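Colleague: Below is the structure I would like to discuss, written out as structure tokens.
The values are calculated or read from the model by the stated rules, or taken from the named source; none is laboratory data. Only a predicted model underlies this, so the values are computations on that prediction, with no experimental measurement involved. Backbone-built Cβ (ideal geometry, glycine too); neighbour counts: all protein chains shown. The accessibility values were calculated without ligands, DNA or RNA, using every heavy atom of the protein model including side chains. Shrake-Rupley method; radii C 1.70, N 1.55, O 1.52, S 1.80 Å.
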Amino acid sequence: MKLWDLPGAGTPRFPLSSYIRNMGIRFFDLVVVVASQRFTETDLELMDELRANGVHFVAVRSKVDIEVRNADHDSGMSPNQVLGGIREDVRRNALLPDERIFMVSSREKDKYDFQALLDTVHADLRRALDVKLARAADRKVDIRVLYRAV
């Protein structure tokens, strides 16, 4: 199992039009798309490409502790209002169900969705491993059947 931290898409050096192909993302078992503010048009297009290529992915909004603190200071919004608004924005724009959207803070890991993110990543990678093992077992059976036929 390998974890890759790829450069952002949509830059002159890594244009979105060739990003998935050049980075080989369609062969990844899981992609974690992370943004510290609103997901950009490039992020959303990347998610569309991942979806079109059948690549599992999750959307992670980081630094939500700062969003909560700022919203409280600026307009007196409760943490639940802020987090609900962020989640709704991601759900609407990224076309993802709630269980694929995570809000995290590196400063307050226990307070938001960090554990749920880890659980989901673990489950997705476990599923991918099970699929690969099943495919490998099928190939081994096919090879044995072919070998016996010769």
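Colleague: Return yes when R135 is under 26 Å from M23 (Cα atoms) and either at pLDDT 95 or above or among the hydrophobic types (A, V, I, L, M, F, W, C) (or both) and no when it is not.
Modeller: So R135 does not fit the description; no.
Colleague: Which of the residues that make up region 94-107 are open to solvent by 70 Å² or more (accessible area, probe 1.4 Å) and of a type outside the set (A, V, I, L, M)?
Modeller: Within region 94-107, E99, S106, R107 meet the criteria.
Colleague: Quick check on region 1-13: of everything there that is hydrophobic (A, V, I, L, M, F, W, C) and out of contact with any Leu (no Cβ under 8 Å at 6 or more places or on another chain), which residue is modelled with the lowest pLDDT?
Modeller: L3
Colleague: What is the number of the single condition among (1) β-branched (V, I, T); (2) exposed (fewer than 14 other Cβ atoms within 10 Å of the Cβ); (3) at pLDDT 90 or above that V141 does not meet?
Modeller: (3)
Colleague: For region 1-92, which fully contained helices (runs of 4 or more DSSP H) count at least 2 residues that are closer than 24 Å to L125 by Cβ?
Modeller: 16-23, 41-52
Colleague: Pick from region 61-80 the residues that are among the β-branched types (V, I, T) and surrounded by 14 or more Cβ atoms within 10 Å (Cβ to Cβ): which of them is nearest to S106 (Cα to Cα)?
Modeller: V64
Colleague: Take the residues of region 16-42 that are open to solvent by less than 50 Å² (accessible area, probe 1.4 Å) and without any contact (Cβ under 8 Å) to a residue 12 or more places away in the chain: which is nearest to the chain's Cα centre (by Cα)?
Modeller: Here the answer is G24.
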